[in-house]
1. Given A212, G200, V226, which one lies farthest toward the positive end of the charge dipole of the stretch 185-229, if we put +1 on the Cβ of every Lys and Arg and -1 on the Cβ of every Asp and Glu?
2. Output ³J(HN,Hα) for the stretch 31-39: one whole-Hz value per residue in order, computed from phi by the Karplus curve 6.51 cos²θ - 1.76 cosθ + 1.60 with θ = phi - 60°, and x for Gly and Pro.
3. Suppose all protein chains stay in the model; what accessible area per residue would a 1.4 Å probe give for the stretch 156-254, in Å²?
4. To the nearest 10 Å², what's S62's accessible area with a 1.4 Å probe?
5. For the pair T230/I157, report the inter-label distance in nm, with labels modelled 7 Å from Cα in the Cβ direction.
Amino acid sequence: MLAVLLSMALVGQPVLVGKAFAAGGDFSLDFTAAAPFTYDHDIGGGTFDDRTVGKNKDIVESLEGGDFDCGDLVSFLTRIKVAPGATGTQTIDLKYVWTADTTGQSGIALDTMVNAVINRPPNVSVIPPGVAEGTVPPGSDSGNFPDDGGVPGDATIVATDYTQTAFSKGAEHSATVRVTDLDPGENLVLRFELHLVCDGRRPTGNMQARLAGASVVAPTSDAISVGDQTIPFKHVGDVKCTDPKDCQPPPSPK
């Protein structure tokens, strides 16, 4: 009798599957590299725009050593899309992992993450918080659609792990970037640079950078699905050494 009464009481009641319990599903992430011929490799840059693939377009899905010099900054982009049906303003963390050595002979590495910034939205002169004006790419990124008056959220490097020494076999480095003020329906483009360092040897093989994980951290906590998003860095032996000072071992990270 009790079971029957409970069953009758539940008829017509809504099933509770609210967004508060699945905030990670509000986000779609697209990790790419900035087209290498579109920005100054001394300061970084690049824009996602409409995601046209090509070395002189918007983005590339793999990198080639011949397009870089030792000492360059290599730019990466992540478009963050927030579902229109999301609830409230959210904060997320994105963890990136990259190789600090090659698959073959050592001699080159992707070393430290130099910065993390939200690219400037179209027709907005606001410089992202904490970023010197000279490091902001010319123009703006049409891949951005901020929701609150055209001002983008903030991006901050909140954790790094450089404990494995660059140029040592199998070494990886990582960093976690926190992006705040993400509202329903927004598209934002996160950009960061990795420092390309050489130690004078002739490297062989490949390297890579990947989006290793992501999660909502406020106002609730939940995992975000990232899939397998890896950017290969091929033919590292073709990286040029035009300035001898850029082909020496880097200082140990503090």
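The values are calculated or read from the model by the stated rules, or taken from the named source; none is laboratory data. Just so you know, these numbers come straight off a predicted model, no measurement behind them. A quick note on method: Cβ atoms are made from the backbone with ideal geometry, for glycine too, and the neighbour counts reach across all protein chains shown. These accessible areas exclude ligands, DNA and RNA; they are computed on the full protein's heavy atoms, side chains included. Shrake-Rupley method; radii C 1.70, N 1.55, O 1.52, S 1.80 Å.
1. Positive-most Cα among the choices belongs to G200.
2. 9, 9, 10, 5, 4, x, 9, 10, 8
3. For the stretch 156-254, the per-residue accessible area is 49 Å².
4. Near enough 40 Å² of accessible area.
5. 2.4 nm
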